[in-house]
Amino acid sequence: MSALYDTIGVGYSHLRKPDSRIAKAIHRALGDAKSVLNVGAGTGSYEPTDRVVTALEPSAEMIRQRPQGLAKAYRGVAEALPFADLEFDAAMAVLTVHHWSDLRAGLLEMRRVAKGPLVILTFDPKSPYFWLADYLPEIAELDKPVMPELSAFDRVLGKTKVEIVPVPCDCTDGFLGAYWRRPHAYLDPRVRSAISTFAKIDDVSSALSRLADDLASGVWEERYAHLLSAESLDVGYRLVVAESA
């Protein structure tokens, strides 16, 4: 993960700006926790500013891009957190668990260091993929082996709560599903550079050519007309919350 984000993370902070509506759901799930550990913190997206936050991130490039004033960031991995037992009131992990080498170890480490809720934003590999998979079916093949099924969290942490996180049509955080109503964005190499899935596909030129042609001809708009008036869409993102230990 560190090597991947040291490469694709350049310019990440400009394209992956936290969306306030998603942030609200994450912060609500943290409850009244006063101290929070952010695991796989990246450039600091979704870290609450009204609590004491500690960040952990394996990529030096991502740490370098953290804005001044954010929490201190330590280099390290989820599977071996360098913190004491029950040191934090809560712990959070945002779109990162699919990069961990050992999900169980990382979750148990989060549980070890946090007295209160664990809040994890992830993607449900059993949810239907949105239209981009019609052009790039490789997405599903790449995601399914690495994206943990929601039942995996229950097996490690006990019964969790799962909340659907709809993605707004004007989402400011440029993750894979953010541009479901802005298809032209996927043609922009800068946008793709901040999405780890694209870094794993050898050649997207043919698929993107078909998308560009369909956009130019109006085929895309005709095929996906039902999306054009939607303000938000469930594209598979889920908030998993494990309550206090």
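Just a few scattered comments:
- Among Pro168, Pro18, Pro145: highest mean-square fluctuation, GNM of the chain, C-alpha pairs under 10 Å: Pro145
- Set of aspartates and glutamates near Lys24 by C-alpha distance (under 15 Å), chain-local residues within fewer than 8 positions excluded: Asp32, Glu47, Asp50, Glu163, Asp173
- Percentage, to the nearest whole number, of Cα pairs in the range 69-212 over 22 Å apart: 48
- Take Val52: with every protein chain present and a 1.4 Å probe, its accessible area is about 100 Å².
- Whole-number percent relative contact order across the range 36-99, with pairs defined as alpha carbons under 8 Å at least 6 apart: 42
- Under 12 Å, Cβ to Cβ, from Tyr74 - net charge with Lys/Arg +1 and Asp/Glu -1: +2
- Rounded to the nearest Hz, the phi-derived 3J(HN,Hα) couplings of the range 16-25 under the Karplus curve 6.51 cos²θ - 1.76 cosθ + 1.60 (θ = phi - 60°) are 10, 8, x, 8, 4, 6, 6, 4, 4, 5, where x marks glycine and proline.
- GNM flexibility winner over the chain from Ala216, Ala152, Ala23 (Cα, springs under 10 Å): Ala216
- Alpha-carbon spread of the chain, three principal axes, descending order, Å: 58, 35, 32
- Taking all protein chains together and a 1.4 Å probe, the residues Thr49, Thr172, Thr54 rank Thr49, Thr172, Thr54 from largest to smallest accessible area.
- From phi via Karplus (6.51, -1.76, 1.60), per-residue ³J(HN,Hα) for the range 206-214 in Hz, x at Gly/Pro: 5, 5, 6, 5, 5, 5, 4, 5, 5
- Helical mean residue ellipticity (222 nm; -39500 (n - 2.57) per DSSP H run of 4+; nearest 500) of the chain: -8500 deg cm²/dmol
The values are calculated or read from the model by the stated rules, or taken from the named source; none is laboratory data. Remember, predicted model here, so these are calculated numbers, not experimental data. As a convention, Cβ positions derive from the backbone with ideal geometry for all residues, glycine included, and neighbour counts pool all protein chains shown. Accessible surface areas use protein heavy atoms only, side chains included; no ligands, DNA or RNA. Shrake-Rupley method; radii C 1.70, N 1.55, O 1.52, S 1.80 Å.
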